[in-house]
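Novice: There's a structure below that I have some questions on.
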Amino acid sequence: MQHHIHASPTSSQAFALQIRARRSDDLLSLAFAGVIGGALTRGRRPMIRGLSESRFQKLLNEYFVDAELDNGEPGQDSAIAAGEEFLDLVDLLLEHRATPGERAAWLCYAIATAAMGENHLWQDMGLPDRKTLSALMCESFPALTAKNSGDMKWKKFFYRHLCERAEVPICKSPHCAECSDYVFCFSHES
């Protein structure tokens, strides 16, 4: 499936990397450029958590022409903040990826890295909108996408799913539609 993709205007770093993409119409290229560009803009290291320098270089060589970047080592605060939550999210994504292999694993780490950000996931991934994120999720994680039948915001969906797996109650009522936080989980993103 081919998608017409435009880089997010919010990150000049992501755009600079996206124009080096080997396949400009590829959702993975856009996602990797957005996550790496966001890390460059914020000065965050590593740019994609959980990837060794050799795996990061392999990703760059696979998706971008002449991109000379180092993933970097995590700072003490970054390593602590990533912690178990990050690894649980990576595991969830790895379990639900459509295809096995290293490219799909790279995407799992990139999404989990972006999910540690402060904004909506599509914003933290440097994507132009939530629709693009949903297309990426549908293509790369169809079984997980099917579980998000109510079109919950992706970060909230991930954490709700992780809490359910850990048998931690999170909703204030038995059903989302009755929950007092419904508007925060399902409202329109701007």
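Novice: Restricting to region 81-140, what's the tally of residues that are among the basic types (K, R), under 23 Å from K58 (Cα atoms) and either part of a helix (DSSP H, G or I) or free of Cβ contacts under 8 Å to residues at least 40 places away in the same chain (or both)?
Specialist: 1
Novice: Mind checking which residues of region 24-44 are basic (K, R) and either assigned to a helix (DSSP H, G or I) or at pLDDT 90 or above (or both)?
Specialist: R42 - this is the single residue of region 24-44 that is basic (K, R) and either assigned to a helix (DSSP H, G or I) or at pLDDT 90 or above (or both).
Novice: Only residues that are among the hydrophobic types (A, V, I, L, M, F, W, C) and farther than 20 Å from M47 by Cβ: list them for region 113-153, please.
Specialist: Residues satisfying the conditions are A135, M137, C138, F141, A143, L144, A146, M152.
Novice: Is it true that some residue in region 135-144 is of a type in the set (S, T, N, Q) and at pLDDT 95 or above?
Specialist: yes
Novice: Same structure again: What is the number of the single condition among (1) basic (K, R); (2) at pLDDT below 90; (3) touching an Asp or Glu at 6+ places or on another chain (Cβ under 9 Å) that R55 does not meet?
Specialist: For R55, the failing item is (2).
Novice: Out of region 73-127, which residues are in contact with a Lys or Arg (Cβ under 8 Å, 6 or more places away or on another chain) and modelled with pLDDT under 90?
Specialist: E73, P74, G75, S78, A82 - these are the residues of region 73-127 that are in contact with a Lys or Arg (Cβ under 8 Å, 6 or more places away or on another chain) and modelled with pLDDT under 90.
Novice: Please determine, by comparing only the residues of region 128-155 that are within 12 Å of the chain's Cα centre (by Cα) and closer than 12 Å to L27 by Cα, which one is surrounded by the most Cβ atoms within 10 Å (Cβ to Cβ).
Specialist: The qualifying residue surrounded by the most Cβ atoms within 10 Å (Cβ to Cβ) is L133.
The values are calculated or read from the model by the stated rules, or taken from the named source; none is laboratory data. Quick caveat: nothing in here was measured; it's all calculated off a predicted structure. Cβ sites come from the backbone with ideal geometry, for glycine too, and all protein chains shown count toward neighbours.
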